[in-house]
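Report on the structure given below.
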Amino acid sequence: MTLVYQSTRDENNKVTASQAILQGLATDGGLFTPLTTPEVTLDFDHLKDASYQEVAKLVLSAFLDDFTEEELDYCITNAYDDKFDTATIAPVVKLQNHYNLELFHGSTIAFKDMALSILPYLLTTSAKKQGVDNKIVILTATSGDTGKAAMAGFADVPETEIIVFYPKDGVSKIQELQMTTQAGANTHVIAIDGNFDDAQTNVKRMFNDVDLREKLLTHHMQFSSANSMNIGRLVPQVVYYVYAYAQLVKAGHIKNGDKVNFTVPTGNFGNILAAYYAGQIGVPVGKIICASNENNVLTDFFATGTYDKKRDFKVTTSPSMDILVSSNLERLIFHLLGNDAVKTKELMDALVTKGEYTLADADKGILDLFAAGFATEDETAAEIKRVYEEDKYIEDPHTAVASTVYEAYVQKTDDHTPTVIASTASPYKFPRVAVSAVTGKDSGDDFKAVEDLHQLSGVDIPAAVDGLERAEVRHKTVVAAADMQKAVESYLGV
Ligand SMILES: *Cc1c(COP(=O)(O)O)cnc(C)c1O
């Protein structure tokens, strides 16, 4: 039987996994979501000796069950190769109070690499399976990190082009250099005179422009999106929770069958939803702890059952969690409403029209699987210092938000279940914040901070930032926001 993916907003919109990946978002605005839990046997006495790629094969074949074994092998071997700086891909590190699952060993040293290194292959394979032989063109507006991770994933993947727009004055020097030095004949980076919203708005307009779509089709091309609502980004994230559990069994930290908690620093609710699915398919999960920064809309949601986005947006030192509308939460809502698309759509419409929605008491049951909390900026910095002093290990600010929330959770509940924190970025991605949290002193600039961080932690400087100052800048185009489409047409030769 093939697993059915259905839009969260229309029960008549049902597709297979490969159709869901190719479409990305459902045309009704909903998210494709599995209607049943995939059948898979997780035998950790055996899995503890499996490689990351083998665990990936097991999990992906359960969720993406219209892919053949050969197709999955092709995707997995091309994704999880020496782009990662460790053969274990996602190592588990033991600290005094918790385990860190390091999800930052890929090309851009943050956890988006875990999914974006396989998405291009899942996407092109899905296109082939659906009889589509157009070249896939990815258009993305980025405020810094996702664009780079998407490019690193798509670079030189056959039958794809990727065009990334970023606001000229809206990204850090390191972020800009990471993008403008990107290799790959099919990668294109364009700075715009404008802000992130201008970039985003124009990308959306191009996606919906019927004439442009026709024009691309006559040249055997079509647009697609790599955004985090694509099921092709969610499913690969389930893999590392299974793998983490297997690693704990292997190291003798837990016995097969023991429960573990997962704490996840959350923005769009993608990573944490993957932990939920890992529990659904059989990983013995105790609590899933949702950690937010000062943009604590999710903390309030789990406490009250009301999701209220009407609040000030705060800029924090964990920018990838600065989010007021967590798109992937819609999938959890859909499940807790008993996969009811009509009710889900009502709530999501209310979020747009009224800025909030409230769950009925009867629907809150699933929320008991979760705990939630948030960390202030000061608490986050103090936690980086605390962990450094106890473990000689430096966490990035996102991981430290999770670690703060976890410490408070233990204080409050006395729940000492072994806990894995999803460590979503290398401290080398945020070196100034990490160094000043530990030393109380600002390094002055990012590159100096990289040196300082190396001195403090003794951890090798990753290739993603090492030598970046001297790398060749390959992408120099700057256009006005109004000329973005012209730039796309010129790159694609249409
Ligand atoms: C994207 C990101 C997050 C948030 O992940 P979601 O899946 O959006 O919840 C957390 N930390 C880092 C470093 C990220 O890049």
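The values are calculated or read from the model by the stated rules, or taken from the named source; none is laboratory data. The structure presented is a predicted model; accordingly, all values stated were derived computationally and were not measured. No Cβ is skipped: glycine too gets one built from the backbone with ideal geometry, and neighbour counts run over all protein chains shown.
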*Please enumerate the residues belonging to region 248-291 that are surrounded by fewer than 21 Cβ atoms within 10 Å (Cβ to Cβ) and among the polar types (S, T, N, Q).*
Asn256, Asn268, Gln280
_Any residue at all in region 165-176 that's hydroxyl-bearing (Ser, Thr, Tyr) and farther than 17 Å from Met484 by Cα?_
yes
*Among (1) surrounded by fewer than 20 Cβ atoms within 10 Å (Cβ to Cβ); (2) more than 30 Å from Pro431 (Cβ to Cβ) - the single one Tyr5 does not satisfy*: (1)
_Among (1) within 16 Å of the ligand (Cβ to nearest atom); (2) farther than 21 Å from Asp65 by Cα, there is one condition Pro284 misses while meeting the rest; what is its number?_
(1)
*Residues within region 311-335 that are at pLDDT 95 or above and either away from the ligand (no atom under 16 Å from the Cβ) or of a type in the set (Val, Ile, Thr) (or both), tallied*: 3
_Considering residues of region 25-56 that are among the charged types (D, E, K, R) and part of a helix (DSSP H, G or I) only, the residue farthest from Ala251 (Cα to Cα)_ = Glu54
_For region 419-439, check the following and say yes or no: at least one residue is charged (D, E, K, R) and either over 25 Å from the mean Cα position of the chain (by Cα) or surrounded by fewer than 20 Cβ atoms within 10 Å (Cβ to Cβ) (or both)._
no
_If the requirement is being touching a Lys or Arg at 6+ places or on another chain (Cβ under 7 Å) and part of a helix (DSSP H, G or I), which of these qualifies: Ala449, Ala402?_
Ala449
*Among the helices (runs of 4 or more DSSP H) confined wholly to region 109-179, which include 1 or more residues that are surrounded by fewer than 24 Cβ atoms within 10 Å (Cβ to Cβ) and in contact (Cβ under 8 Å) with a residue 60 or more places away in the chain?*
119-129, 145-154
*Quick one: count up the residues across region 195-228 that are assigned to a loop (DSSP other than H, G, I, E, B), touching a strand residue (DSSP E or B) at 6+ places or on another chain (Cβ under 9 Å) and surrounded by fewer than 22 Cβ atoms within 10 Å (Cβ to Cβ).*
5
*asked:* Restricting to region 104-121, and then to whatever is under 10 Å from the mean Cα position of the chain (by Cα) and of a type in the set (A, V, I, L, M, F, W, C), can you tell me which residue is farthest from Lys259 (Cα to Cα)?
replied: Leu116
_Going through Glu159, Glu70 one at a time, which residue ends up being over 21 Å from the mean Cα position of the chain (by Cα) and at pLDDT below 95?_
Glu159
*So, of the residues in region 398-425 that are of a type in the set (D, E, K, R) and free of Cβ contacts under 8 Å to residues at least 24 places away in the same chain, which turns out to be nearest to the ligand (Cβ to nearest atom)?*
Lys412
*Do we have His98 as within 16 Å of the ligand (Cβ to nearest atom), in contact with a Ser or Thr (Cβ under 7 Å, 6 or more places away or on another chain), at pLDDT 95 or above and of a type outside the set (S, T, N, Q) here?*
no
*asked:* Taking the criterion of being under 25 Å from Leu234 (Cα atoms), within 16 Å of the ligand (Cβ to nearest atom) and not in a loop (DSSP other than H, G, I, E, B), would at least one residue in region 375-397 satisfy it?
replied: yes
*Show the residue pairs that are 6+ apart or on different chains and have beta-carbon atoms under 8 Å apart, the first residue being within region 86-99 and of a type in the set (D, E, K, R), the second being surrounded by 13 or more Cβ atoms within 10 Å (Cβ to Cβ).*
Lys94/His253
*asked:* Of the residues Asp45, Asp28, only one is loosely packed, with under 15 Cβ neighbours inside 10 Å, touching a Ser or Thr at 6+ places or on another chain (Cβ under 7 Å) and of a type in the set (D, E, K, R); which?
replied: Asp28
*Do you know which residues across region 119-166 are within 15 Å of the ligand (Cβ to nearest atom), within 17 Å of Gly24 (Cβ to Cβ) and of a type in the set (A, V, I, L, M, F, W, C)?*
Leu119, Ala149, Ala150
*Which one of Val459, Val479, Val465 is crowded, with 17+ Cβ neighbours inside 10 Å and under 28 Å from the mean Cα position of the chain (by Cα)?*
Val465
*Considering only residues that are of a type in the set (Lys, Arg) and in contact (Cβ under 8 Å) with a residue 24 or more places away in the chain, look in region 221-271 and name the one that is nearest to the ligand (Cβ to nearest atom).*
Arg233
